[in-house]
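Chemist: The structure under discussion is supplied below as C-alpha cells; questions concerning it will follow.
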Amino acid sequence: MKIELKQIESGDNVEAASLIRGVFHEFSAPQIGTAYSDPTTDHLYEKFRTAGSALWLALVDGELAGCCGIYPTEGLPPGCAELVRFFVKKEFRNQGIGRLLMQQCTDNARQSGYIQLYLESIPEFDRAIGIYETMGYRHLTAPLCDTGHNTCSVWMLKTL
C-alpha cells in the first residue's frame with residue numbers, strides 16, 4: 001500500500017466533494033448547516049487558494065482515500081486557523097491515514113505561523129472526535145466564530 005499526500009489540484013474538485021458527501025450519507029449525518037451543503041465543497045481547489053490555507057489529499061495506490069485542511073476562517077482569534085474538511089473513506093479507515101492527514105495539517109499550520117487550530121464537528125462523527133481528543137484538541141463550550149455551519153455542536157481547540 002503506497003500512501004501519497006498532495007495538495008488539492010483543480011481536477012480534484014468533483015472527487016473530493018463526492019468523498020465528503022459520501023461520509024455524510026454513511027453516518028446519516030445532517031446535510032443542512034454543515035460542509036455537506038456548503039457551496040464551497042464543490043469548489044475546494046478555488047477555496048484553498050486563499051493565503052494561509054491548504055487542503056491535503058491522501059491517495060492510496062492512486063485512489064483518493066481522504067482529505068483534511070487548514071483555513072484562516074474569518075472571525076477566529078489572531079494566530080488561529082480552522083481544521084476543516086477532515087474525511088476518510090470507510091475502506092481506508094483504521095490504517096493511520098486520518099492521523100497522517102491531521103499531522104500534515106498540524107505541521108502545515110505551524111509552518112504558516114499559526115499557534116492554534118480550531119475545529120467544528122457533529123456528534124455523528126464521534127470516531128473523528130476521538131482522534132481529535134488523542135491529538136490534543138480540547139472541547140469548548142461554544143463556537144469561536146460563525147463559520148456558517150450552524151448544525152455543528154462540537155467545538156474544539158488545540159494549541160500548537
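Chemist: Restricting attention to segment 21-54, which trypsin sites (Lys or Arg not before Pro) occupy a DSSP loop and are surrounded by at most 13 other Cβ atoms within 10 Å?
Modeler: Details: sites: Arg21, Lys47, Arg49; in loops: Arg49.
Hits after loop and neighbour filter: Arg49.
Chemist: How would you rank 90-102, 134-146, highest first, on the average number of other Cβ atoms within 10 Å across their residues?
Modeler: In descending order of packing, they fall as 90-102, 134-146.
Chemist: Another question, then. Which of the lysines could a cross-linker bridge to Lys2, judged by Cα under 29 Å and excluding same-chain residues fewer than eight apart?
Modeler: Lys47, Lys89, Lys90
Chemist: Would you mind pulling out the separation of the Cα centroids of segment 111-150 and segment 41-74, in Å?
Modeler: 17 Å
Chemist: If you wrap segment 3-159's Cα atoms in a convex hull and average its projection over all directions, what's the area in nm²?
Modeler: Working: hull surface 32.6 nm².
One quarter of the hull surface, i.e. the mean projection, equals 8.1 nm².
Chemist: What list do you get for Ser18, Ser121 if you sort them by fewest beta carbons within 10 Å?
Modeler: On the way: Ser18 13, Ser121 22.
Ranked by crowding around the Cβ, least crowded first: Ser18, Ser121.
Chemist: Set Lys and Arg Cβ to +1 and Asp and Glu Cβ to -1, take the dipole of the chain about its Cα centre, and tell me which of Ser153, Ile129, Gln7 lies farthest positive.
Modeler: Ile129
Chemist: Going 7 Å from the Cα of Ser37 toward and past its Cβ, which residues in segment 118-160 have a backbone nitrogen under 12 Å from where you end up?
Modeler: Correct set: 149-152.
Any read-out appearing in this document is the output of simple, stated calculations on the displayed coordinates, not a laboratory observation. From a predicted model like this one, the values you see are computed outputs, not experimental measurements. Don't worry about glycine lacking a Cβ; one is built from the backbone with ideal geometry, like all the others, and counts go over all protein chains shown.
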